[in-house]
Each structure stands twice: as C-alpha cells, then as structure tokens.
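Read the figures in this text as sums done on the coordinates, not as results from a lab. Because the structure is a prediction, the values reported are computed rather than measured. Backbone-built Cβ (ideal geometry, glycine too); neighbour counts: all protein chains shown.
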Amino acid sequence: MTLISQSIIMSIQALVKQQLELSELNTMTDAVELFARLASRSGCSVRLHCSVPMWSPFSDTCHDLHELNDLRSKSLCFIHNLLESLHSNGISASYRLAPSNSPLCFICAFPTELSVPTLRSATVEILQKAKINARQKVLLADLEHGPALIIS
C-alpha cells in the first residue's frame, strides 16, 4: 500500500469520526476570504470539488426552478472568485464541477494528492446529512482534509 493510499484511508476514517460543525458566514465575500485562507493551509496545490445543483424536488431551501438557477449562478460566481483569490495568493488550484440533485451547493477543497472519488463522495455525504432549512445561507465546515462550504 502506498503512502498516498494510506493517507486517503486515514482521511476517510477521520472524516467519518469528525463531528460536523458549521459556521454561518455573513457574505459571499467573507466566505471567499476565509475559505481561501483555510484551503491554503494544505500547501501549494488544491483541488476543488463543486457539487452544482441541476434539479431538485421541492425543499425548504429551493421552491422553484428560478431559485435553483439563482443558486447555481451564485455558486459558479463564487467558484470563479475563489479561484482568483487562491491564484493571487500563490496557490495552484483546479476544480471539478459535478451535477447534483441536491437543493444545496457543496464546495470542498482537497490537497491535490487526496482528491480521489472515495474521499470526495464521503465528504459530500457528510455535508448532505446536515439539515439546512434556510435559504440564502453560506455555511463553512473546517474538515480534517480541508474546508467545505454549503451554499443555500
């Protein structure tokens, strides 16, 4: 087993044991600054996994397709601003957009060497279990492997 494989297994185990604590942020600008600062702790290269809402049944956070489209637009603008912030701080960053049927947008930062499907899936699953019932919220979780953001 390679050192990277062991790191991935340990990260997944730590993630499952970790208590999810969410901090509400006031604005998207605050979220960009704090998320970029937390993501830069992992080193000089990060990979963003972004679950972008494409369709969702009726929920407390998204009542119709117009609201879903607004959320998708807001999240894509956030991702663009986050990448600019990371690059301006000397952090090499790439991203991956994944369509989602959730009424929420999830953005997770991983060190490039830990950006594997199993860890990404485990992270999104943990975030989806958080019961978010409010609209227009930006919530931050500082996870073992890096920060994660929920946009409603």
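Among residues other than Asp142 with Cβ under 11 Å from its Cβ, the summed charge is 0 (Lys and Arg +1, Asp and Glu -1).
Put a dot 7 Å past the Cα of Leu65, heading toward its Cβ, do the same for Arg41, and the two dots end up 4.2 nm apart.
Distance between the 7 Å Cα→Cβ label points at Leu97 and Arg135: 2.3 nm.
Extension gain for Ser88-Asn26 works out to 20.0 nm (0.36 nm per residue, less the C-alpha to C-alpha distance).
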